[in-house]
Amino acid sequence: MTSASIPIDAYREVAPPGVVDFLLRLAERVRGRRFVHVNSTRVGGGVAEILNRLVPMLTELGVDTTWEVIEGDADFFTVTKAFHNALQGAEVPLADAQLEHYLHISRKNAVRLALAGDLVLIHDPQPAALVEARPREGRWVWRCHIDLSTPHRRVWAFLRRFISWYDAAVFSLPAFAHPLSIPQFLVYPSIDPLSDKNRPLEAREVETILATLAVPADKPMLLQVSRFDRFKDPVGVINAYRMVKRYYDVRLVLAGGGAADDPEGALVLAEVRAAASGDPDIHVLDLPADAHLQINALQRAATIVLQKSTREGFGLTVAEAMWKGKPVIGGATGGIMVQVQPGVTGYTVRSVEGAAFRLRQLLGDPGLMRAMGEAGREHVRQNFLITRHLRDYLSLLVHLTQ
Amino acid sequence: MSPAPFAFVGCIELREILGRRARDERELMEALEQVPAESIYYHTDSVFLRRASGATVYANDFANWVGAQIGDHVLAERLGMVDPFQFGTLEDLREELVSIVAEHIADLSPVPRVVFGEPFFFVRSHLVEVPTGLEVRTLAEFRRAAAEVDMSAIYLHALDARVRRGIPGGHFAQWIGRELGLVGLADRLSRVNPYLGGLEDLRRRILELLDAELAARPSTA
């Protein structure tokens, strides 16, 4: 069964009791309404990953849902990539001709795409200017998945005039929002518990995958899964591990990706390898983007999962680890603070020393680790599964189109 | 005359970001005075809708923020003691919160503020009600439905009804007292308070009271 073909009924096994029936009832209120999603790619990236699941689920619930994808040339996507970086604070110069080209391609897409709907959800900046051509009927909402808290002003000024033509915007955290004249709603991201990255694995599968990654399962494993990025502080994780290693014989796995097509990532990966060199108990794994089963197996094999970021978007690896019953030590930033309940599902920390202290505390108390793992799984079950995401989008549909 | 049925209704909360934030305790107090009542509701009452278990440091967002982000544990404890279900209206609750912060900062200079932490972001709640299709007429049917219904229905009938509808004991106690005539059980249900637990705990305690009543009065089934 492919991920896209998993029926909603399958989620009865994993979602909180009554949630699937509740979704069916909720969907009755918006049955037949047309819900259009627009983004910039059908494969790759978190938005496409979630739409690949949400669109069939909405359709199964009786909501007339379609998913349109904009098309553009290399120059267009160079501009949209620059938007993406600039909206997250990077200094990115853009010439007037580039902005004109962006609008030209956007207008061609507006003619080509079927954009009539009761609710049209435009994901991220790439298709944002389609709103120029919005029909008179239907509500249009801009769904921003990125951190907009400190945007580059000139680029934001260009995009903001389009955003103001929407009926509402949706952000993943209150801190990501920005002063706007339209209502702004909050929808947290989610994980799919039945996807390859999160579905249950047999112990034998985990062992096999660990063997292929050359990671022995002979001692407690500390794990951080994240891109090789300075904001994820992988060297800080190694330093915390070294402080702990004096007291506990543990193994550290740093698993990530993104170094292949990112010069900055390659640099950080080299730094991490240099910091880890000479220690056979540190494993630095540069994994491909589709290594979902490997990540799943590592998270299941881990004793404690870290996400020691100093700056973070939402950080869904935290929810992934908690779903697998692991205590999480995370940096006190961004979405990590929404996911980790300090003292209940793990700890939030602000320093290498803080991470080391909490690691020692947990390693010395297996009962606490177990209790935190259980609490974390329940916290994710209630708040960060795809069924909750579906519920939020349906509530948006009810609220804006009633 | 047969009793009127009880129809279980669930809810979802759509969260609106107000764009207002506080970085110190004075800004928190000023915002508490000015934000819409639905924002006070979001950060105090409907915390319980988002939290199945009782496992957070304090029972409202204001206390948790003051404790975790500012590090002012005295004010956090004072705010944490506020039980939102003890107030007749949201405006009464707002007044209590403002008074606590105002009295706390009256003699403090400078006012405690966030140094390394995150500001407080005000969010407002929009509740969308959704009929669950579960409709019951007897205590036994009620017990079965209460055990299986979506947790949001427990929240809406047992807690939200007290705060936004002004029904002191909530819908469950009201229906059981008025329609089934079980005044004692209604009274016991109205005294179940979720302040230190979560919705799961609340449901468990409601079911225990129903089970005890059913065991003592099998004829009511």
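The values are calculated or read from the model by the stated rules, or taken from the named source; none is laboratory data. Here the structure is a predicted model, which is why all the values come from computation and not from measurement. Every residue, glycine as well, gets a Cβ built from its backbone with ideal geometry; the counts of neighbours run over all protein chains shown.
Results, tabulated for the structure shown:
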read-out	value
Test result for residue A:181, small (Gly, Ala, Ser), in the same structural domain as residue A:390 (by TED's automatic domain parsing) and surrounded by fewer than 20 Cβ atoms within 10 Å (Cβ to Cβ)	yes
Single match in A:151, A:179 (criterion: assigned to a loop (DSSP other than H, G, I, E, B), under 30 Å from residue B:61 (Cβ atoms) and touching a residue at least 60 places away in the same chain (Cβ under 8 Å))	A:151
Top-ranked residue of the stretch B:16-69 - restricted to ones that are under 14 Å from residue B:196 (Cα atoms) and within 9 Å of chain A (Cβ to nearest Cβ), ranked as surrounded by the most Cβ atoms within 10 Å (Cβ to Cβ)	B:52
Residue ID - nearest to residue A:336 (Cα to Cα), chosen from residues in the stretch A:145-178 that are surrounded by 18 or more Cβ atoms within 10 Å (Cβ to Cβ), in contact with a helix residue (DSSP H, G or I) (Cβ under 9 Å, 6 or more places away or on another chain) and within 14 Å of chain B (Cβ to nearest Cβ)	A:173
All positions within the stretch B:127-146 that are more than 18 Å from residue A:25 (Cβ to Cβ), touching a helix residue (DSSP H, G or I) at 6+ places or on another chain (Cβ under 9 Å) and either at pLDDT below 95 or assigned to a helix (DSSP H, G or I) (or both)	B:139, B:140, B:142, B:143
Sole exception among (1) at pLDDT below 95; (2) within 14 Å of chain B (Cβ to nearest Cβ) for residue A:142, by number	(1)
Residue A:204 being among the charged types (D, E, K, R) and in contact with a strand residue (DSSP E or B) (Cβ under 7 Å, 6 or more places away or on another chain)	no
Hits in the stretch A:348-390 (condition: charged (D, E, K, R) and not in a helix (DSSP H, G or I))	A:350, A:365
Residue in the stretch A:79-96 that is crowded, with 17+ Cβ neighbours inside 10 Å and on the phi > 0 side of the Ramachandran plot present	no
Yes/no for residue B:99 being part of a helix (DSSP H, G or I), away from chain A (no Cβ under 14 Å) and hydroxyl-bearing (Ser, Thr, Tyr)	yes
Check on residue A:84, closer than 15 Å to residue A:37 by Cβ and out of contact with any Cys (no Cβ under 7 Å at 6 or more places or on another chain)	no
Among the candidates A:385, A:368, residue that is of a type in the set (A, V, I, L, M), crowded, with 24+ Cβ neighbours inside 10 Å and away from chain B (no Cβ under 11 Å)	A:385
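To keep it simple, each residue is scored yes or no on (1) over 23 Å from residue B:62 (Cα atoms); (2) of a type in the set (D, E, K, R); (3) surrounded by fewer than 17 Cβ atoms within 10 Å (Cβ to Cβ).
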| position | (1), (2), (3) |
| --- | --- |
| B:145 | yes, no, no |
| B:152 | no, no, no |
| B:183 | yes, no, yes |
| B:194 | no, no, no |
